[in-house]
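Asks: I'd like to ask some things about the structure below.
The values are calculated or read from the model by the stated rules, or taken from the named source; none is laboratory data. Quick caveat, the model's predicted, so the values are computed rather than measured. Positions of Cβ are generated from backbone atoms using ideal geometry, with glycine treated the same way; all protein chains shown enter the neighbour counts. Note: areas computed on protein heavy atoms with side chains; ligands, DNA, RNA excluded. Shrake-Rupley method; radii C 1.70, N 1.55, O 1.52, S 1.80 Å.
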Amino acid sequence: HKLATPSNPLFDEIAKIIVNGKRTVEQVVEAVKKITVNYGRSLADMIAEGKFDGGVNSDITEKNFPHTGSGVVELEPVMIHYDRNISSGDVLKDMEAKGLRAPNMAELVAYGTKYPDEQRAYPIVALGQVKRIWVDRLVGVLNLHDDRRSLGLGCFGFVWDDDCRFMAFRK
């Protein structure tokens, strides 16, 4: 029922896939991804498990990005692709209109750990936890650095490139 409801942010994409005959409904449903976030673990331990061989920005610490959840939670991330350059503010407005929320750093790290190859295809941005470091407001980004997976920071004030994906969760 959730997949077939027009309020589902994936509704249009699912319809295109089915109409174009690329995948069956069962394959679309099977493609739903889930992550488990254990807020009892330190961010440093979560990052170490992720094995980001392209590096981790040294400002990504528990002090700068403290956990904003508790316990162990299972979440179903939604990737939003606008296929155009877009500001963080416009992304957040769209998410709000669709009943979605942006992820925090721990959720982004959990996603990168569980689905390590996805960031090889495109940058994945998490706008849900913004930290001011020096003069910049920064957010987490899963990306590539010299063909290796990295966990970095991007400026909230950037206009994001058209290849970026924005992770979100239903409220």
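Asks: Roughly what would the spin-label model give for Ser42 and Asp94, points 7 Å off Cα along C-beta, in nm?
Replies: Each label point lies 7 Å from its Cα, and together they span 3.8 nm.
Asks: Fully extended, how many nm does the chain gain between Cys155 and Ser58 (0.36 nm per residue separation, minus their Cα-Cα distance)?
Replies: 33.4 nm
Asks: Å³ per residue of the Cα convex hull, for the stretch 114-171?
Replies: Numbers: hull volume 6.2 nm³, N = 58.
That works out to 107 Å³ per residue.
Asks: Can you give the accessible area of Leu138 in Å² (nearest 10), computed on protein heavy atoms with a 1.4 Å probe?
Replies: It works out to around 20 Å².
Asks: Ok, one more. R0 = 41 Å: FRET efficiency of Glu74 with Trp134, Cβ-based, nearest 0.05? Could you put the intermediate results ahead of the total?
Replies: Details: r = 36 Å, r/R0 = 0.87.
In this case the efficiency is close to 0.70.
Asks: Enumerate the calculated ³J(HN,Hα) couplings along the stretch 56-61 in order (Karplus 6.51 cos²θ - 1.76 cosθ + 1.60, θ = phi - 60°), each rounded to whole Hz, writing x wherever the residue is Gly or Pro.
Replies: 3J(HN,Hα) across the stretch 56-61, in whole Hz: 10, 4, 5, 7, 8, 10.
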